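The values are calculated or read from the model by the stated rules, or taken from the named source; none is laboratory data. Since this is a predicted model, take the numbers as computed values, not measurements. Glycine also receives a Cβ, built like all others from the backbone with ideal geometry; neighbour counts cover every protein chain displayed.
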């Protein structure tokens, strides 16, 4: 007898609510700036996001109704990572300025976003075959090589997403039972590489310095000649690297408990850069207040709860590791974005899942959610 599928309606409706709320906030945060700065219709960004939402939600429904066990195949596990690396190479060659976008006419795709579902499938496929031998060199070696290649390729232009990929891998192998010694070594190497990628991009270094040592007192003692600071300012788009975060703090603080109301944000009118993308949570705080911001946080807590529940109830190891990888990836990305907007972490340029404007991000997020829902439908 065929297994009766059980849809996790709490998870499904939470995802649907987040997507709809994201569309509302994209319109609210972009309508004025679209006319003033980009000289396009006030609905320009909203309609583009709506189109991506329709396509991405169709993909979610397709993945949700597909048996996730079909993805437990080396063709998906290895081909996915390979395709992402090739796309990143193509982007590096064709997009000589930012190395982020693969463009075809009016359409554009950010391949680094596709690295998240590709990595989730790879980790689930590989770890479920190495149960009981996680600390073997034949397990950690391939995982280390895979995450290093994909993270280094992504970090060239998208450091925030690379951090998400590494954090996801670390969390999953920790749960899988990796020895603390190996985990500490991996974290140390990741930190060293992270510092290196920050140092090679002056604007990244400027943001880190502004966050950790805004008055440059410590830096002055370390580098009295000011060479590091001069280097950091080479490609900075503003003399105040923390400007975005301070404007976001003003937006969140001015919202009060109930907010100013939808469409009523003042900071989005050319005060808060990237108000409809990376810093959209600032507009959420200003227009919906503490109440709306807390509800949005609660929605991500629900995702964490249902994702962990799916992990616990999945019928096999592949489903468990797939659910864990997806849940950690989404929650870590949201946590990083919120930390940046609230000035609790240096600016990394990473979107808020479901909410920020960006078709590639929404496509990747809903693809992941479709895969998670597929696992939940077969859970006990």
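Scanning segment 149-180 for residues that are out of contact with any helix residue (DSSP H, G or I) (no Cβ under 8 Å at 6 or more places or on another chain) and either in contact (Cβ under 8 Å) with a residue 40 or more places away in the chain or part of a loop (DSSP other than H, G, I, E, B) (or both) yields 177, 179. Among the residues making up segment 310-330, a single one is surrounded by fewer than 20 Cβ atoms within 10 Å (Cβ to Cβ) and without any contact (Cβ under 8 Å) to a residue 60 or more places away in the chain: 312.
Residues that are in contact with a helix residue (DSSP H, G or I) (Cβ under 7 Å, 6 or more places away or on another chain) and farther than 18 Å from residue 10 by Cα were ranked within segment 287-302; the one that is surrounded by the most Cβ atoms within 10 Å (Cβ to Cβ) is 287. Any residue in segment 35-42 that is free of Cβ contacts under 8 Å to residues at least 12 places away in the same chain and on the phi > 0 side of the Ramachandran plot? So far as segment 35-42 goes, yes, one or more of its residues are free of Cβ contacts under 8 Å to residues at least 12 places away in the same chain and on the phi > 0 side of the Ramachandran plot. I'm checking my understanding of the structure. Among residues of segment 96-117 that are assigned to a loop (DSSP other than H, G, I, E, B) and free of Cβ contacts under 8 Å to residues at least 12 places away in the same chain, which one is surrounded by the most Cβ atoms within 10 Å (Cβ to Cβ)? This residue is 101.
Report whether or not residue 55 is in contact (Cβ under 8 Å) with a residue 40 or more places away in the chain and within 17 Å of residue 116 (Cα to Cα). Taking the combined requirement at face value, the residue does not satisfy it. Exactly one residue out of 126, 92 is surrounded by fewer than 16 Cβ atoms within 10 Å (Cβ to Cβ) and either without any contact (Cβ under 8 Å) to a residue 40 or more places away in the chain or in a helix (DSSP H, G or I) (or both): that is 92.
Put simply, of 205, 218, 193 the only residue that is without any contact (Cβ under 8 Å) to a residue 40 or more places away in the chain, part of a helix (DSSP H, G or I) and surrounded by 12 or more Cβ atoms within 10 Å (Cβ to Cβ) is 205. Against the test of being surrounded by fewer than 23 Cβ atoms within 10 Å (Cβ to Cβ) and under 19 Å from residue 328 (Cβ atoms), the options 162, 58, 146, 155 yield a single qualifying residue, 146. Residues that are loosely packed, with under 14 Cβ neighbours inside 10 Å and within 23 Å of the chain's Cα centre (by Cα) within segment 62-78 comprise just one, 62. With respect to the stated conditions, residue 81 fails to be under 30 Å from residue 6 (Cα atoms) and either part of a helix (DSSP H, G or I) or modelled with pLDDT of 85 or more (or both).
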